[in-house]
Structure formats: structure tokens, C-alpha cells
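Working notes, beginning with the structure itself.
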Amino acid sequence: MTSQPTVRLGEMPWTDDDRRICMAADIEQYSRFDTPGQRMAQAQLARVLRAAAERSGLDHGTWSVQPQGDMEFAVLPAGTSEQVVVGEYVTHLAAQLGGYNATRRPARRMRLRLAIDTGVATTAALGFSGPAPIAVARYLNAPEVKWALAAAGSASLAVVISDRLFQDVVRLRLHGHDPEQYRRIHVEQKGFAGYGWVRLPGVDLQDAGETWLNMPEGGPRPPARAADEGRPNFVQQRVHGTAVQGVIHGSVVHGVVPGEAGR
């Protein structure tokens, strides 16, 4: 037997050339929860996503969604406002998470990564297909986005949007969007390559950590995975267009920042 994913389709029918907002939310370090904790985390993920949509004037019931346990992927109806999703929805989602985490012990807090792009998306046998769903998946799992959330202990949410959304929505500073709240990263995964922009809603960037504040324009090189339990500390800064990444094990590694080569 072949099992099919649980996909709830909102509006129908779709056309293959529809441009839609696609986004995905994923729980940070989901595997740290025990079985009851995972059940609670999934319930709270569903709750905060729907509450944020409702408070933003969006109807979550019209979204086409594919839940995957610790993650939900959604394709929004054609014509949904990009301004509202990148602005009010993100703001309300951060507030919902902050309210939930304020009453939880650190080990029980839930932090999310949220990736958003807009483009062609259509249904497929196992979910969704098209350039926008692929981009969202790559942004969501980019090491740079995980690193940004880990570097800001007070954050409940890390948001990464595509360069297209940044240029069309954020850069023009319409509706209160502030480009200074974003840091650019370069994502390369599974044949996908592109720039994204990371934001930590509700976090004072002065409290987000020196590594976040000093993130070069093209984005940092993600720190190497530490063996066993410990992780080395990293210090990164720009030196004449080159990132100097000091691994506090008595060695220094020099590397060109992605996007800076050849400048």
C-alpha cells in the first residue's frame, strides 16, 4: 500500500500558472520533546498559526495546507496581500509565540522558523510543486536561518523571506516595513541558490548577539556542526571583504563570505 500525505486543499480549481504566496513554519529542535511534549507542540503550532491568521484578517480555512508533524506548509489563495502576510501576520505570529512561551519553562518553549516566498505553485501527487514551494523548503532549512534563531536566545521566531518579497514589499518601506530589521543571507541547497532576508520579530537587535549584528551583507558562513555534545564558539567579522571565523579551539579558519567572492 502507498500512503498519501494529508493535504487540505482550500479554494479550487487551481491553474498551473497561478502566482501564490507559499510559506512553511517549522518547530526548532522538535526532537527534544518527549511524546506528550510533541503532541502539545503540534497542537500549539496549529493554534498559533490559525490565531495569527485570524488576527491579521486572513482565513486559514481557505489555505491549502500540508501538515507534517512539526511543520506546516501552506499555499495561500491567489490575491492574498503580500503586505499583510509579511507584516501583520508575522507580527501576530510572533506575539502568539511570545505569549505562549512567557508561561513555559525554557525546556518547554516553542520557537519557530518561518519561510515565505511568492511564485508559481500547483498541486502534485505528494503535495505541491513549482518553484515557490521548492524555494520555501530550501529557505526554511537553510543553516543560516537555524543559526540566526539559535544566536538570539530571546527570539521566539525567525522569519526568512525571498529576495523578491524583500525588494517588492520591504525595501520600499511601505506600511511600516523596516529594511534595517533584516539581514541578507545566501542559500545553496539541493541545486537551489538564491538570496533570502532574515528577521527576528520582536527582538531588539542589540540583544540578538554580536554575531547577528556583525553579519556581513552576503550572509555568514554557517558554523560547522560540533561533534558530540559541545559546540565551539564562533567570532565572525568583516576584514577587507573576507570573513575571519575563529573557532575557539586554538585555530583560525579564513573563508570568503558567500556572495562576496570576486568583489
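The values are calculated or read from the model by the stated rules, or taken from the named source; none is laboratory data. This one's a predicted model, so the numbers in the text were calculated from it and none came from an experiment. Here the Cβ positions follow ideal geometry from the backbone for every residue, glycine too, while neighbour counts run over all protein chains shown. Keep in mind that these areas ignore ligands, DNA and RNA; they rest on the heavy atoms of the full protein, side chains included. Shrake-Rupley method; radii C 1.70, N 1.55, O 1.52, S 1.80 Å.
Summary table below
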item	result
Proximal charge balance of Gln167 [Cβ under 13 Å; K/R count +1, D/E count -1]	0
Two-site label geometry, Asp168 and Ala125: point separation in nm, points 7 Å out along Cα→Cβ	3.1
Gain upon complete extension [Ala78, Arg32; 0.36 nm per residue less C-alpha separation]	12.9 nm
Where labels lie 7 Å past Cα in the beta-carbon direction, separation of Gln189 and Arg19 in nm	2.4
For the stretch 98-137, accessible area per residue (1.4 Å probe, heavy atoms of protein chains only), Å²	41
Among 37-46, 128-137, the order from most to least packed when residues are scored by Cβ within 10 Å on average	128-137, 37-46
Summed residue charge, Cβ within 13 Å of Tyr30's Cβ, Lys/Arg positive, Asp/Glu negative	+2
Heavy-atom accessible surface of the stretch 144-190: percent carbon and sulfur, 1.4 Å	42
Calculated FRET efficiency for the pair Gln181/Arg105, C-beta based, R₀ 41 Å, to 0.05	0.90
Charge sum, other residues only, whose C-beta stays under 11 Å from Val198's C-beta, Lys/Arg counted +1 and Asp/Glu -1	+4
Length released on extending from Ala43 to Thr62, taking residue separation times 0.36 nm less the Cα-Cα span	4.9 nm
